[in-house]
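Following: one structure in structure tokens, then a few remarks.
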Amino acid sequence: GRRNDRAEMKRLDIGQKALDEAVRNLRAGLDLGLSDLPAFDTTQAFKLYGRIFASAEPLLKGVRHLFVVPDGPLQSLPLGVLVTRKPRNKATDFSGYLQTPWLARKYALTTLPSVSSLKALRTFAKAAQASKPFKGFGDPLLQGHPGKSRGIPLKQYFKPQGGVDVEMVRTRLAPLPETADELIAMANSLGAGEDSLFLRGQATETAGQSTDLSDARGLAFAPHGLVAGELGGLSEPALVLTPPRKGTEKDDGLLTASEVATLKLNSELVILSACNTAASDGTPNADALSGLAKAFFYAGSRSLLVSHWPVQSDAAVKLTTKMLKVIANDNKIGRSEALRRSMLALMEDKSNPPEFAHPAYWAPFVVVGEGGASR
């Protein structure tokens, strides 16, 4: 921990094996892929909070914005789901989750890839502002059975001889028409016109690589996200855009991390409203910033909004658009605080389905990079 007047280092009272097990158990309560929404163990979340934060609490007095550099298993868990006081009882219904003292209620949280990265982001950020407020890609043309999550394991979607089976991607992956509404809402909240959006037939890998994205302060990609390991022949994460009629080396419908790294960006915020965009392969020991996030930083982004698990589409719309509205209404409010307010609004809005109080709905996103206000 560090403050202006002092710095302290504490050794955590938990070993790698126990930490790995704790994260796995908590992640099991956040899996929206199950037929029934699993119970989230708030008691376990409080125990892990104590083992991580208890010794640092004196240093955190008066703090509202917390920077974290997670290591090992902690890279696979958004820390906002930790619980700051011992629960009286297990949360057995959605009202119980609503009354839980989540860490996200106490702090705006920003993830950093390394201790030195914040200084680098602030030192080397380009002085010139991009001229346009927003560009977004989403609602790719896909023909699979409709689903409510963004991302499916696709190990069989590579040809035996190598390369993406474009036709299988097109016919098996579900369309995401709600992402068009999400991107339109984002554009409206930032005062951007319809020409800022690349939807359906325009949401292609070719368009992403040939369009000048360096003039956009905000960028959003809202397709399916694939992490390394979900596609048998894919060694790096990717975003699924509209597949071409016939796949080529330049355009197979997948915008991979290495292709993202070649883009030229000047963005204050990139929103990756897809699934698993925070991790490399979704396992507790994954290097969360070895994939898409790292590639977007390399391309020139200051901060990212990424997700730890497949995002429920209605919740994603509300989380991202509310966050942007908070920032648009007051540019002194930092990105991480805007996300915190958006998460609280989602869980507490009585017009939303009651299950939105469960952290599987409100907690998937984290801000990575510069979590403060635009400089």
(request) Go ahead and run the numbers for FRET between T211 and K350, Cβ-Cβ distance against an R0 of 51 Å, rounding to 0.05. (result) 0.80
(message) Normalised radius of gyration for segment 291-375, please: alpha carbon Rg relative to 2.2 N^0.38 Å, two decimal places.
(response) 1.11
(request) Please report, to two decimal places, log10 I(q)/I(0) for segment 40-111 at q = 0.12, 0.13, 0.23 Å⁻¹ as given by the Debye formula with identical point scatterers on the Cα atoms and no solvent. (result) -0.32, -0.37, -1.12
(request) Along Cα→Cβ, 7 Å out, is where each label goes; now give me the distance between the ones at N331 and R64 in nm to one decimal. (result) 2.0
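Given the Cα-Cα distance of E8 and R245 and 0.36 nm per residue of separation, how much length would full extension add, in nm?
Taking E8 through R245 to full extension adds about 79.6 nm, to one decimal.
State which entries of K106/K264; K10/K264; K47/K318; K61/K90; K250/K325; K86/K350 exceed 32 angstrom in Cα-Cα distance in the structure shown.
K106/K264; K10/K264; K250/K325
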(message) If I compute solvent accessible area with a 1.4 Å probe over the protein chains, what percent of it on segment 292-338 is carbon and sulfur?
(response) 48
(message) Quick check: residue separation of A373 and S116 times 0.36 nm, minus the Cα distance between them. What number comes out in nm?
(response) 90.7 nm
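The values are calculated or read from the model by the stated rules, or taken from the named source; none is laboratory data. Since the model is a prediction, treat every value here as computed from it, not as a measurement. Neighbour counts are summed over all protein chains in view; Cβ atoms, including those assigned to glycine, are modelled from backbone coordinates with ideal geometry. To get the accessible areas, we keep the full protein, side chains included, count just its heavy atoms, and leave off ligands, DNA and RNA. Shrake-Rupley method; radii C 1.70, N 1.55, O 1.52, S 1.80 Å.
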